[in-house]
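See structure below.
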Amino acid sequence: MKARALQLIREGGDVEAFALELFRYQRDRSPAYSRLVGDVEPGSLAEIPAIPVSLCKDAIFSTVEDGPVFRTSGTTSGRRGQHRMADTAAYDEAARRWFEACVANAPTRCVSLCPTNVDSSLGHMVRLLYPEAQTFFDESLDVDGAWDALAGGPVFLATTAFALAWLFESDRRVELAPGSVLMVTGGFKGRTRSLTEAELDVRARLGEVRRIDEYGMTELSSQLWGAPGQGFAPPPWLVPYTVDPLSGEPTDGIGLLRFVDCANWSSMVAIETEDLGEVRDGRVFLRGRLEASAARGCSLTAEEAHGA
């Protein structure tokens with residue numbers, strides 16, 4: 001199954017047929033998933049039972065008992081969701097290929113304000129794309145070190161939204177070299193405050209830098225990339241759709257986001273997020289969070305460290 005998932009990522013193929021086969025494979029090998037879905041037999045992508053991400057705090061949906069584990073962010077927010085996989089080969093292949101497809105002419109030098117802990121899927125992605133990245137966020141953000149590192153030639157600045165806001169609390173300013181790219185991820189899903197795009201004030205602090213946004217989560221092996229206001233583009237092996245939050249029925253308008261991710265071959269082929277959005281022209285547009293959903297996301301790590 002791993003070889004076929006890698007082949008689908010590399011060469012394309014019938015995503016729906018493979019996803020339906022993955023569902024049966026995971027149902028038969030994952031005790032938690034088997035208990036959740038029973039004897040249901042889906043006939044389409046939207047009929048594959050999606051695992052709510054909140055359940056990943058209480059159960060491990062995996063076909064293996066041992067392997068790498070990614071965990072949701074947060075140090076004081078309670079239980080953390082878990083995503084166990086057989087290995088990271090499909091994750092790594094998916095991340096590299098879609099990054100290269102979506103982020104043209106990316107600089108070779110990287111400054112990272114993202115988490116460095118080994119169980120962070122975001123940290124893993126940054127290390128994968130930039131093994132020699134200069135990292136300035138551990139338990140806290142090294143503000144002065146980060147500003148110093150941004151000076152010089154073209155740079156790929158990888159950051160969560162709250163880490164960037166934290167950086168901007170300093171009165172320093174560096175005009176990034178031409179060709180630089182600012183990657184922002186995580187949004188503002190924190191608990192203690194809500195930031196607006198204006199508060200980031202990117203142009204005034206970094207100059208005319210090209211910005212890209214990344215959308216991903218612990219429970220996925222794939223990422224979506226986009227530009228501000230233009231939505232997020234999913235890779236061919238990841239299918240997004242929305243459902244009515246009350247009925248669970250697919251909807252064409254704003255609804256709860258679900259993803260069918262064929263790179264999740266050894267864990268969860270379908271997940272249900274707590275994010276509201278809509279899918280238009282094949283792109284995902286975020287519209288906020290489900291009311292009363294728990295705070296989560298990679299920006300939460302920076303928010304909690306800042307508060308501490």
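The numbers here are math on the coordinates, done by the rules we state, and not lab data. Here the structure is a predicted model, which means the values were calculated and not measured. Using ideal geometry, Cβ is built from the backbone for each residue, glycine included, and neighbour counts are taken over all protein chains shown.
Within the shell of other residues whose beta carbon sits under 14 angstrom from the beta carbon of Arg280, the net charge comes to -1, with Lys and Arg scored +1 and Asp and Glu -1.
Around the amide H of Trp237, modelled in the peptide plane, lies no amide H under 5 Å away from a residue 5 or more places distant or on another chain. Subtracting the Cα-Cα distance of Ala204 and Asp171 from 0.36 nm times their residue separation leaves 10.8 nm of extension gain. Modelled spin-label separation between Arg211 and Gln7, with each label point placed 7 Å from Cα along the Cα-to-Cβ direction: 4.3 nm. A viscosity of 0.692 mPa s and a temperature of 37 °C, combined with the Kirkwood radius over Cα pairs in Stokes-Einstein, give a translational diffusion coefficient for the stretch 82-225 of 210 µm²/s.
Karplus-derived 3J(HN,Hα) values for the stretch 55-71, using 6.51 cos²θ - 1.76 cosθ + 1.60 with θ = phi - 60°, are 6, 6, 7, 10, 9, 9, 9, 8, 8, 10, 9, 9, x, x, 10, 9, 10 Hz; glycine and proline are entered as x.
Phi angles of the stretch 274-283 translate, via the Karplus equation with coefficients 6.51, -1.76, 1.60 and θ = phi - 60°, into HN-Hα couplings of 10, 9, 8, x, 9, 10, 10, 6, x, 10 Hz per residue; Gly and Pro are given as x. When each of the peptides 257-263, 114-120 is scored by the mean number of other C-beta atoms lying within 10 Å of its residues, the order from highest to lowest reads 257-263, 114-120.
Against the compact-protein benchmark of 2.2 N^0.38 Å, the Cα-based radius of gyration of the stretch 134-288 scales to 1.16. Converting the Cα gyration tensor eigenvalues of the chain into ellipsoid dimensions via √(5λ) gives semi-axes, longest first, of 33, 20, 19 Å. Each peptide in 162-169, 50-57 was scored by the mean count of other Cβ atoms within 10 Å over its residues; highest first, the order is 162-169, 50-57.
For Asp148 and Gln230, the difference between the fully extended length at 0.36 nm per residue and the C-alpha to C-alpha distance is 26.4 nm.
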